[in-house]
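*Asks:* My structure is below; once you've seen it, I'll send some questions.
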Amino acid sequence: MTTAKTIHLTLKVVRQTGPDQKSNLETYAARNVSTDMSFLEMLDVVNEDLTLAGQDPIAFDHDCREGICGMCGAVVNGRPHGPQEGTTLCQLHMRHFEDGDEVVIEPWRSRAFKVIKDLVVDRGAFDQIIQAGGYISINTGGAPDANSLPVPKEMADQAMDAAACIGCGACVAACPNASAMLFTGAKISQLALLPQGRPEAKRRAAAMVAAMDKLGFGNCTNERECEAVCPKNISIVHIARMNREFLKAGFF
Amino acid sequence: MGLESRIPAGPLAEKWDRHLFELKLVNPANKRKFDIIVVGTGLAGAAASASMAELGYNVKTFCIQDSPRRAHSIAAQGGINAAKNYSNDGDSIWRLFYDTIKGGDYRAREANVYRLAQVSNLIIDHCVAQGVPFARDYGGLLSNRSFGGAQVSRTFYARGQTGQQLLLGAYSSLSRQAAAGKVRLYARRDMLDLVVVDGQARGIVVRNLVNGDIETYAADAVVLATGGYGNVFYLSTNAMACNVTACFQAYKKGAFFANPCFTQIHPTCIPVHGDYQSKLTLMSESLRNDGRVWVPQTPGDKRAPGQIPEAGRDYFLENKYPSFGNLVPRDVASRNAKEQCDQGKGVGETGLAVYLDFADAIQRDGREVISQKYGNLFEMYAKITGQDPYETPMMIYPAVHYTMGGLWVDYNLMSTIPGLFVTGEANFSDHGANRLGASALMQGLADGYFIIPYTIGGYLTGGGYKKITTDHPEFKAAAGAVASRIQRLLAVKGKRTADDFHRSLGKIMWEYCGMARNNAGLLNAREKIAALRSEFWDNLLVPSTGAQFNQSLEKAGRVADFLEFGELMIIDALARQESCGGHFNEAFQTEENEARRDDENFTHVAAWEFAGEGQAPVFHKEPLVFENVKLSQRSYK
């Protein structure tokens, strides 16, 4: 470990008791924060203090705390998942903040993601996009030997780049159009790159794009905000591939 | 109640095939008449839900998280084993079986482990067909790497994110069945009780985490795939929501709990660094393929690692175990790290860490190659610690990672409650006293894709029960009991949070029931836990109410169960007067400080039956019979 320092912060947190309630910006002092703490551990400490003081702790989603489950996420000082590139909120450490900083914390905002409480939002729309076609239609049993179908390493690597998406929703939160194209494109792209996914590529692209539109996500206007905040550095190349797959589904 | 393991007769290699033939089938047209509840959407739960729905059953699937894609299987890094022998290095089903039995220190069932090795190959085929982007060689075929406890390369991987990719594969199949209407998904639901009617598992009680409603669901069978209980230690590599509640409530309804003291302490985790710490982060064991573990020769040597010359370093695993070296099984690697630190040779600010050094590998293979293999792990380490492992050795220390114990199940994965099946880490069945690396993913998917879809049919055709709905009085009673337990938690209105109690419990468990145990310590821990539990019910503080989204309340319920379950672990550890695998009782060790088993008295599964609140649990013994392997002192020298 690097030697830890202790810093003091002022938090401004958007609080909202329920989906149909108004939100308020509340101010809290986060004192004696070790720079070795993760951002969520800092919130744990603030919550412990709030609880002991008889107040309602700040609700936030989190689970694995190692940057892979995709459960956590909030907008920190205007940027989804906070200031560090390629990092989920749980992996953001307090050594990236300075003593005396003011930190504004807000939930993901999008028509398709309703606020449940405070920083917790409903991302069920992502599940619905996957259900529209984000799979290869095979049943358990009967698959051929795994090595019977060689896949060029380069393709497998590119598919893996796309498959690394953790479904956190930061791309939607960052996009001025609240578009889910990076999320949707990553899945369409992964399966389109692999020979196993080709038989259904057309149907998949058409169905997933239609689901995305229906759920209230906006369109892509090449702002590239999604790519900039994606904690897994998913490239907008996958949006381009999605568009090609979508066009092919319509015309060829 | 006796323990009937229902292991089929016949030669080991033929048992599963014979059993598959003997299991009664459900007519395809009749499958749609059966409802099955699956709790949990990790590998074992998602795979079971998808496969059973594909067969035609109506499946209701529940998870705590906001989406089934987030279960903690997702965090598994290193890989999944299979006996494909693609590496042409002499692997076989028999060798995978043998390594797993031996790695588990001869405390698992031969028949279960052999079946696991048999279906391992099917898993890889299926996952590739699903579009899981496993690592490949330039020829386009699948790539393998080696893992601890094995001398062959049989581990398939997708960068350092194998669990994620396998889980997303299972989730995609689950999503397909949800779209087809064969699976109904219930996210943000916390299972708080099992409903048993006329001795059979018939449903569950859950709390809707969004609005606090207590909901009940009925079915013809219930599958628990709710993972392990490592969070009883507070600090572990488990996700924050991992808990024992579903299994523990099933235990209270009559399911036996097997070998609860068998917990795995993983050797390569990022060391603890503060009281506020909420969890520990694993660094995949695959790192031990190229990283060399060492400490300074001289206790108290506080020089920076780069300042310590070769002669001043003790590569203790390579020195002590020349044939397996850094790739000894996890329990052995962990205990040796602890031993070095106990001797004052630990490094870092706390002295509770050893080095994992990649300098030689980088010099040999180049930074590029090492980065391709472990890039994301190195990045994660750098993010958490602020240090660059390409430049300076990683510091690692063991941490609680996996629990081999779990609900007792027979060969069909059914618990002692008819109709209650348990899959994946939640059951006890395949890993004995120590799990080998890359075997958890294998077991979760084996149970979910290739075992339970068949065995549950055998149960359902047995019949002997009538259709019921949630109007049945047992559902009302169970829901009422859950509601009053929640009221009890809210009513204490004391001065300590659930997290605070959890932290105290974790310290007791780690100190007395962790890497090394002794009878005096265990007895002491039992008293401390009882005292803490009593304070919990006098001094717990849960803010707000139950009729809304309330994470503090969720946590309090889980800690309440851990406070009872911790005692069960202690009781089990005290009853097992030997050392084996992850259970190391200091009174039972060889001259070289290895675990010394007592095969004469302890070649059995310890299964505990709940005997009522405040009563000591009742011990049941399932003897383990070894017909195919010879029990020996494990040697990795």
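*Asks:* When residues of the stretch B:439-488 are filtered for being modelled with pLDDT of 95 or more and either assigned by TED's automatic domain parsing to the domain that holds B:LEU282 or not in a helix (DSSP H, G or I) (or both), how many remain? Explain how you work it out, then say what you get.
*Replies:* First, pick out the residues of the stretch B:439-488 that are modelled with pLDDT of 95 or more: B:439-460, B:469-488.
Narrowing the set further to residues that are either assigned by TED's automatic domain parsing to the domain that holds B:LEU282 or not in a helix (DSSP H, G or I) (or both) leaves B:439, B:469-472.
Result for the stretch B:439-488: 5.
*Asks:* Sticking with this structure for a sec: Which members of the stretch B:407-426 meet the condition of being on the phi > 0 side of the Ramachandran plot and either within 15 Å of the chain's Cα centre (by Cα) or of a type in the set (D, E, K, R) (or both)? Spell out the reasoning first.
*Replies:* To start, the set of residues in the stretch B:407-426 that are on the phi > 0 side of the Ramachandran plot comprises B:413, B:419, B:424.
Listed by number, the list holds a single entry, B:GLY424.
*Asks:* Let me ask you something else. Scan the stretch A:9-28 and tell me whether some residue there is in contact with a Pro (Cβ under 6 Å, 6 or more places away or on another chain), within 12 Å of chain B (Cβ to nearest Cβ) and either open to solvent by 20 Å² or more (accessible area, probe 1.4 Å) or modelled with pLDDT under 95 (or both).
*Replies:* No; the residues of the stretch A:9-28 include none that is in contact with a Pro (Cβ under 6 Å, 6 or more places away or on another chain), within 12 Å of chain B (Cβ to nearest Cβ) and either open to solvent by 20 Å² or more (accessible area, probe 1.4 Å) or modelled with pLDDT under 95 (or both).
*Asks:* Tell me which of these B:VAL206 doesn't satisfy, since it passes every other one: (1) more than 10 Å from every other protein chain (Cβ to nearest Cβ); (2) in a helix (DSSP H, G or I).
*Replies:* (2)
*Asks:* Out of B:GLY79, B:GLY56, B:GLY90, B:GLY40, I need the residue that is on the phi > 0 side of the Ramachandran plot and in contact with a Cys (Cβ under 8 Å, 6 or more places away or on another chain). Which one?
*Replies:* Values: B:GLY79 fails: in contact with a Cys (Cβ under 8 Å, 6 or more places away or on another chain); B:GLY56 fails: in contact with a Cys (Cβ under 8 Å, 6 or more places away or on another chain); B:GLY90 fails: in contact with a Cys (Cβ under 8 Å, 6 or more places away or on another chain).
Matching residue, one of B:GLY79, B:GLY56, B:GLY90, B:GLY40: B:GLY40.
*Asks:* Continuing with this model, one more query. Look at the stretch B:114-167 and say how many of its residues are in a helix (DSSP H, G or I) and either hydroxyl-bearing (Ser, Thr, Tyr) or within 23 Å of A:LYS232 (Cα to Cα) (or both).
*Replies:* To start, the set of residues in the stretch B:114-167 that are in a helix (DSSP H, G or I) comprises B:114-130, B:162-167.
Right, trim to either hydroxyl-bearing (Ser, Thr, Tyr) or within 23 Å of A:LYS232 (Cα to Cα) (or both) and you get B:114, B:120, B:127-128, B:130, B:162-167.
Of the residues in that region, 11 qualify.
*Asks:* Can you say whether B:ARG503 is part of a helix (DSSP H, G or I) and away from chain A (no Cβ under 14 Å), as far as the supplied structure shows? Even if it seems obvious, please write down each step before you answer.
*Replies:* On the way: part of a helix (DSSP H, G or I): yes; away from chain A (no Cβ under 14 Å): no.
When the stated conditions are applied, B:ARG503 does not pass them.
*Asks:* Starting from residues that are in contact with a strand residue (DSSP E or B) (Cβ under 6 Å, 6 or more places away or on another chain) and surrounded by fewer than 21 Cβ atoms within 10 Å (Cβ to Cβ), keep the ones in the stretch A:79-105 and report whichever is farthest from A:PHE217 (Cα to Cα).
*Replies:* The residue in question is A:ASP99.
*Asks:* Quick one: which residue in A:ILE105, A:ILE129 is touching a helix residue (DSSP H, G or I) at 6+ places or on another chain (Cβ under 9 Å), assigned to a helix (DSSP H, G or I) and at pLDDT 95 or above?
*Replies:* A:ILE129
*Asks:* Kindly establish whether B:ASP388 is over 26 Å from A:LEU89 (Cα atoms), among the charged types (D, E, K, R) and either open to solvent by 10 Å² or more (accessible area, probe 1.4 Å) or out of contact with any His (no Cβ under 8 Å at 6 or more places or on another chain) (or both).
*Replies:* Numbers: over 26 Å from A:LEU89 (Cα atoms): no; among the charged types (D, E, K, R): yes; either open to solvent by 10 Å² or more (accessible area, probe 1.4 Å) or out of contact with any His (no Cβ under 8 Å at 6 or more places or on another chain) (or both): yes.
No: the conditions fail for B:ASP388.
*Asks:* In this structure, is A:ILE116 touching a helix residue (DSSP H, G or I) at 6+ places or on another chain (Cβ under 6 Å), of a type outside the set (Gly, Ala, Ser) and open to solvent by less than 40 Å² (accessible area, probe 1.4 Å)? Working first, answer last.
*Replies:* Values: touching a helix residue (DSSP H, G or I) at 6+ places or on another chain (Cβ under 6 Å): no; of a type outside the set (Gly, Ala, Ser): yes; open to solvent by less than 40 Å² (accessible area, probe 1.4 Å): yes.
Criteria not met by A:ILE116.
*Asks:* Then there's this: Considering only residues of the stretch A:81-100 that are touching a His at 6+ places or on another chain (Cβ under 9 Å) and not polar (S, T, N, Q), which is farthest from the other protein chains (Cβ to nearest Cβ)? If you could, list the steps in order and put the result at the bottom.
*Replies:* Let us first name the residues in the stretch A:81-100 that are touching a His at 6+ places or on another chain (Cβ under 9 Å), namely A:82-84, A:87-92, A:99-100.
Then keep just the ones that are not polar (S, T, N, Q); that gives A:82-83, A:89-90, A:92, A:99-100.
On the way: A:GLY82: 12, A:PRO83: 13, A:LEU89: 12, A:CYS90: 9, A:LEU92: 8, A:ASP99: 17, A:GLY100: 20 Å.
This residue is A:GLY100.
Conditions tested, residue by residue: (1) open to solvent by less than 10 Å² (accessible area, probe 1.4 Å); (2) in a loop (DSSP other than H, G, I, E, B); (3) within 13 Å of chain A (Cβ to nearest Cβ).
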{"residue": "B:ALA29", "(1), (2), (3)": "no, no, no"}
{"residue": "B:GLY45", "(1), (2), (3)": "yes, no, no"}
{"residue": "B:ALA50", "(1), (2), (3)": "yes, no, yes"}
{"residue": "B:SER73", "(1), (2), (3)": "no, no, yes"}
{"residue": "B:TYR86", "(1), (2), (3)": "no, yes, yes"}
{"residue": "B:TRP94", "(1), (2), (3)": "no, no, no"}
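*Asks:* Go through the stretch B:52-71 and report how many residues are part of a loop (DSSP other than H, G, I, E, B) and surrounded by fewer than 24 Cβ atoms within 10 Å (Cβ to Cβ). Don't jump to the end; show me each part of the working.
*Replies:* Narrowing the stretch B:52-71 to residues part of a loop (DSSP other than H, G, I, E, B): B:56-57, B:63-67, B:71.
Checking the rest, the ones that are also surrounded by fewer than 24 Cβ atoms within 10 Å (Cβ to Cβ) come to B:56, B:65, B:67.
Adding up the residues that qualify gives 3.
*Asks:* Related question: Just one of B:GLN363, B:GLN343 is closer than 15 Å to B:TRP294 by Cα, open to solvent by 20 Å² or more (accessible area, probe 1.4 Å) and polar (S, T, N, Q); which is it?
*Replies:* On the way: B:GLN363 fails: closer than 15 Å to B:TRP294 by Cα.
Just one listed residue meets the conditions, B:GLN343.
*Asks:* To continue, here is another question. Could you list, in sequence order, all residues of the stretch B:401-442 that are of a type in the set (Asp, Glu) and within 18 Å of B:TYR229 (Cβ to Cβ)? Break it down into steps so the answer makes sense when it comes.
*Replies:* Within the stretch B:401-442, the first condition is being of a type in the set (Asp, Glu), and the residues that meet it are B:410, B:425, B:430.
B:GLU425, B:ASP430, listed by residue number.
*Asks:* Could you check the stretch A:31-41 and list, in sequence order, the residues that are within 15 Å of A:CYS90 (Cβ to Cβ), more than 8 Å from chain B (Cβ to nearest Cβ) and surrounded by fewer than 23 Cβ atoms within 10 Å (Cβ to Cβ)? Write out each step before concluding.
*Replies:* Initially, the stretch A:31-41 is screened for residues within 15 Å of A:CYS90 (Cβ to Cβ), giving A:36-41.
Checking the rest, the ones that are also more than 8 Å from chain B (Cβ to nearest Cβ) come to A:39.
Scanning the stretch A:31-41 gives no hits.
*Asks:* Considering only the stretch B:264-285, state which residues are among the acidic types (Asp, Glu) and open to solvent by 10 Å² or more (accessible area, probe 1.4 Å). Give the derivation first.
*Replies:* To start, the set of residues in the stretch B:264-285 that are among the acidic types (Asp, Glu) comprises B:275, B:285.
Hit for the stretch B:264-285 is B:ASP275, nothing else.
*Asks:* Only residues that are within 21 Å of B:LEU209 (Cα to Cα), facing chain B (nearest Cβ under 7 Å) and in contact (Cβ under 8 Å) with a residue 24 or more places away in the chain: list them for the stretch A:57-79, please. Steps first, answer last, please.
*Replies:* Filtering the stretch A:57-79 down to residues within 21 Å of B:LEU209 (Cα to Cα) leaves A:57-65, A:69-74.
Still in the list and also facing chain B (nearest Cβ under 7 Å): A:57, A:59, A:61-65, A:69-71.
Passing the criteria: A:ALA59, A:ASP61, A:HIS62, A:CYS64, A:ARG65, A:CYS69, A:GLY70, A:MET71.
*Asks:* Does any residue of the stretch B:551-566 turn out to be β-branched (Val, Ile, Thr), outside any loop (DSSP other than H, G, I, E, B) and buried (at least 22 other Cβ atoms within 10 Å of the Cβ)? Full working, then the answer.
*Replies:* Kept after step one, since they are β-branched (Val, Ile, Thr), are these residues of the stretch B:551-566: B:559.
Within this subset, residues satisfying the condition of being outside any loop (DSSP other than H, G, I, E, B) are B:559.
Adding the requirement that they be buried (at least 22 other Cβ atoms within 10 Å of the Cβ) leaves B:559.
Taking every residue of the stretch B:551-566 in turn, at least one turns out to be β-branched (Val, Ile, Thr), outside any loop (DSSP other than H, G, I, E, B) and buried (at least 22 other Cβ atoms within 10 Å of the Cβ).
*Asks:* Checking B:TYR355 against (1) surrounded by 20 or more Cβ atoms within 10 Å (Cβ to Cβ); (2) without any contact (Cβ under 8 Å) to a residue 60 or more places away in the chain; (3) more than 30 Å from B:VAL196 (Cα to Cα), which single condition isn't satisfied?
*Replies:* Condition (2) is where B:TYR355 drops out.
*Asks:* Now for a different question. Which members of the stretch A:132-190 meet the condition of being facing chain B (nearest Cβ under 8 Å), surrounded by fewer than 20 Cβ atoms within 10 Å (Cβ to Cβ) and polar (S, T, N, Q)?
*Replies:* A:SER137, A:ASN139, A:ASN147
*Asks:* If B:GLY90 passes every condition in (1) farther than 28 Å from B:THR237 by Cβ; (2) within 14 Å of chain A (Cβ to nearest Cβ) but one, which one does it miss?
*Replies:* (2)
The values are calculated or read from the model by the stated rules, or taken from the named source; none is laboratory data. Fair warning: this is a prediction, and the values are worked out from it, not measured in the lab. Cβ sites come from the backbone with ideal geometry, for glycine too, and all protein chains shown count toward neighbours. Please note that ligands, DNA and RNA were not included when accessible areas were found on the heavy atoms of the full protein model with its side chains. Shrake-Rupley method; radii C 1.70, N 1.55, O 1.52, S 1.80 Å.
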